[in-house]
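Participant: Questions regarding the structure given below will be posed in turn.
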Amino acid sequence: MSNTEFPDDELRQEQEFIDGLYARVDVLRGDAEDSVSDALARGHTPRQARLERDILVAERSGLLAALNAVDGSLCFGRIDLTSGETHHIGRIGLRADDPERTPVLIDWRADVARPFYLATGHTTMGLGRRRHIATEGRRVTALHDEILDLGDETRTGHEDPTGDAVLLAALDSARTGRMGDIVRTIQADQDRVIRAPHRGVMVVEGGPGTGKTAVALHRAAYLLYEHRELLARRAVLIVGPNPAFLGYIGEVLPSLGETGVLLATVGELFPGVRTTRTDTPGAAAVKGRAEMADVLADVVRDRQTLPDPVITIEHDREILMLDDGLVNVARERTRAAKLPHNVAREHFEGHILNALTDMVAERIGTDPYDGGNLLDPSDITQIRDELADNPEVWSAIDRLWPRVTPQRLIADFLAEPGAYLSDGDAAAVRRPVTRHWTVSDVPLLDEAAELLGEDDRLVRERAERERRTQIAFAQGVLDVSYASRTFEFEDKEDDDPDSSEVLSAHDIIDAERFAERHEEDDHRSAAERAAADRTWAFGHIIVDEAQELSPMAWRLLMRRSPTRSMTLVGDPAQTSEAGGVGAWEDILTPYVGDRWEHTRLGVNYRTPAEIMDVAAAVVRAGHPGFEPPGSVRSTGVRPWARATDDLPGATAKAVAELTPAQGRLAVIAPRELHRALAARLDGVTAGAEPDLTHDVVLLDPRQAKGLEFDSVLVVEPGRYGTSDLYVALTRATQRLGVLHTGPLPQPLADALN
């Protein structure tokens, strides 16, 4: 048969399959919505309800999110096995309504789908043919077939000789301002990272454009699929470098059917604080040092004071004196318990009350003849209770061992850091007491919270009062029920058998159990509860741009992952933050020693070779052995540079030249130039968080981390450090231009000539 006999028939068959899938999807939408409602209304105990709801809602709401997000490409592939079996591959799994629940669409994460990503002509993994299905909406537009079984002479007319058509089409497509998933084009080296075992720390290193962020997100989706029960209960945390980046990646996981994930920046990881403010590089470097943990421990210890020289307390017309010796004994005994400051206060209170009780008892109960004490234990208890009711006692305790919040501790420390830091470091971090926190403050707040702990006695007392109020209310309801029953039967004959056999609520439930049944359940998802709980232990943590985090930020994250189940993604060559650790060994050795796995992605899918050659030359000038990731494509478009005396005008002109081209454009410039540039660019605002869906956005190099655009204008590169310049030069997928008033950095000038 000739090749031309099959193409229309193949398209028709795939279209019929897609139509059948969406018919099933329309039914599932209604089923999923009903299941979510049912799960939230179930009347189990709060713990059972939360667990069942977390799992079911994660599955069903994730399904809904996926169905709503992937109308255009629910199914993207097919594998034909040499055994004769055929499987269609998609973003989610769907089953038929038959008794066997036969799989109709295979989830891309299932083991049976793995050959779609890994099979080659040399290692076919049992495949005869691999088909990529392109769709627009619900319509099949193209098929791309790869023949792996060369002995099969059947041809459809849709064969792709190179097998790269789908990948190259995805790479050349215009950016949308939002990261898309890569399930259609996952490469073999990426698949190995995505499906790596759950436990332990995996480091994924890769230069610009290697897809490391996409791989990390797909790894999160895979882990949620493989370990649904655990991770639905504990949630996955994804940490990104800035809010714009989180907005950029925010649609990837929902499109893959996963919603049980918390996305946050470091500035959002202390409940009650959300900040994007940054410190000066010097202040950030000082605050980020590992030594700050010891500094803050000293700050906390200094809140545990001694009298200078004595504190007097009036009690029962007598003067009691707390001197430094007596208080120091109480302080050292309390410290020996090694409890956080606020938690330990209860022990300190006890020691002080006991010391004062002994003081009073000795004064009023000593036998003048033999020196013994005439008071019995009940007398001692009464004295202690009276002291505990004396406000002056509590005023003294508050002075000697005050309750402290993390916010107050850090604010006071930053206002007067001179006692704990060198003159230069103190000058870098000193600031007046303020309500405005910076991103570098958040790890300090978390460290302070760990050192201070929380004295939850007041919380427990309030909860107990509320519980007793609920029980009293429930008792009232039961009493009304009993009274109604009594009234109903009091007129019945004594020999009426029904009057003695009808059960009332009193017979089957007491007030306490009745109140518990009506406690309001927590309907928040695991991710929502985790966001509000500083002590939450996540099932897995993924950190993007991990090289930028400071040692203090790593202390915060390691507390959130006691099992050390983490995926770290980054590129030490792009380290630009003053407090960034950079080297993986320096990050991980304090926590896991050498028990971590490292893998490197070496293929650049984003940046054309013409642009990558320029960016690599800049880094190689300072690091001759630097090896960039190899680009898979070349566009034939060379980067260009223009000198100008009117930077805002030249920028506006270049933007006008580039924006008619398909896609989106980023102007990357030093922050101090943003206001002047924005004044000449329509629809661009300086100072605000950028909306990446706009045709033109204005960023500084650090805001651009992890992002990609069709075209990029790099403005005044001479003001950048090497890492920032490397980041800025590698954001473009098609075109790169450079504008400058001063001299270009020599390596950049040489590379552009």
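Every number here is computed from the coordinates shown, using simple stated rules; none is lab data. From a predicted model like this one, the values you see are computed outputs, not experimental measurements. Note: ideal-geometry Cβ built from the backbone for every residue, glycine included; neighbour counts use all protein chains shown.
Participant: Which of the chymotrypsin sites (Phe, Trp or Tyr not before Pro) found in the range 338-435 are loop residues per DSSP with 14 or fewer other Cβ atoms within 10 Å of their Cβ?
Facilitator: In loop regions of the range 338-435 (DSSP not H, G, I, E or B), the sparsely surrounded chymotrypsin sites (Phe, Trp or Tyr not before Pro) are Y369.
Participant: Something else: Compute the distance in nm between two label points, each set 7 Å from the Cα along the Cα-to-Cβ direction, one at Q382 and one at V637.
Facilitator: 9.3
Participant: While we're here: Can you give the extra length, in nm with one decimal, that the chain gains between D456 and D152 once fully stretched, where that is 0.36 nm per residue apart less the Cα-Cα distance?
Facilitator: Additional length available on full extension: 102.2 nm.
Participant: Calculate the dipole size of the range 602-682 relative to its Cα centre from +1 charges on Lys and Arg beta carbons and -1 charges on Asp and Glu beta carbons; express the result in debye to the nearest 20.
Facilitator: Rounded to the nearest 20 debye, it is 160 debye.
Participant: Here is a further query. Pop the C-beta distance of H623 and Q746 into the FRET formula with R0 = 22 Å and round what comes out to the nearest 0.05.
Facilitator: With R0 = 22 Å, the Cβ-Cβ based efficiency is 0.90.
Participant: Can you give the FRET efficiency for E466 and R559, using 1/(1 + (r/R0)^6), R0 = 45 Å, r = Cβ-Cβ distance, to the nearest 0.05?
Facilitator: The calculated FRET efficiency here is 0.90.
Participant: Taking 22 Å as R0, compute the FRET efficiency from the Cβ-Cβ separation of E332 and N373 and round it to 0.05.
Facilitator: 0.25
Participant: Follow-up. What ³J(HN,Hα) values, in whole Hz, does the Karplus curve 6.51 cos²θ - 1.76 cosθ + 1.60 give for the range 227-243 when θ = phi - 60°, with x put for Gly and Pro?
Facilitator: Those phi angles translate into 10, 4, 5, 5, 7, 5, 7, 9, 6, 10, 9, 10, 9, x, x, 6, x Hz.
Participant: Sticking with the crude label model, points 7 Å out along Cα→Cβ, report the distance from R680 to E346 in nm, one decimal please.
Facilitator: Label at R680, label at E346, 6.6 nm between them.
Participant: Quote the Stokes-Einstein diffusion coefficient, in whole µm² s⁻¹, for the range 640-753, based on the Kirkwood radius over alpha carbon pairs, a temperature of 10 °C and a viscosity of 1.306 mPa s.
Facilitator: Answer, rounded: 115 µm²/s.
Participant: For labels at D533 and R301 in the simple 7 Å Cα→Cβ model, what's the distance in nm?
Facilitator: 3.3
Participant: Work out from phi, with θ = phi - 60° and the Karplus expression 6.51 cos²θ - 1.76 cosθ + 1.60, the ³J(HN,Hα) of each residue of the range 676-692, listed in order in whole Hz, and give x for Gly and Pro.
Facilitator: 5, 5, 4, 5, 9, 10, 5, x, 10, 10, 7, x, 8, 4, x, 8, 6
Participant: Right, something else. Provide the per-residue ³J(HN,Hα) series for the range 272-289, in order, calculated from phi with Karplus coefficients 6.51, -1.76, 1.60 and θ = phi - 60°, each as a whole number of Hz, with x at glycine and proline positions.
Facilitator: Whole-Hz 3J(HN,Hα) from phi for the range 272-289: x, 10, 9, 9, 10, 5, 10, 8, 5, x, x, 5, 4, 5, 5, 5, x, 5.
Participant: If packing is taken as the mean number of other Cβ atoms within 10 Å per residue, what is the order of 247-258, 179-190, highest first?
Facilitator: The most tightly packed comes first, giving 247-258, 179-190.
Participant: Computed from the mean reciprocal separation of all distinct C-alpha pairs, what Kirkwood hydrodynamic radius does the range 253-356 have, in Å?
Facilitator: 18.2
Participant: Subtract the Cα-Cα distance of R600 and D324 from 0.36 nm times their separation in residues, and report this length gain in nm to one decimal.
Facilitator: Length difference between fully extended and current span is 93.4 nm.
Participant: Just flag the GluC sites (Glu not before Pro) in the range 262-360 sitting in loop per DSSP whose Cβ has no more than 16 other Cβ atoms within 10 Å.
Facilitator: E291
Participant: Express in nm, to one decimal, how much length is gained between E585 and D700 on full extension, taking 0.36 nm for each residue of separation and deducting their alpha carbon distance.
Facilitator: My answer for the length gained is 38.5 nm.
Participant: For M566, what residues show an amide H to amide H distance below 5 Å, using hydrogens built from the backbone and excluding near sequence neighbours?
Facilitator: Counting only residues 5 or more places away or on other chains, the set is G200, V201, M202, I541.
Participant: Which cross-chain or sequence-distant (5 or more) residues have an amide H under 5 Å from the amide H of L148, H modelled 1.01 Å from N in plane?
Facilitator: When sequence neighbours closer than 5 places are left aside, the close amide H contacts are R129, R130.
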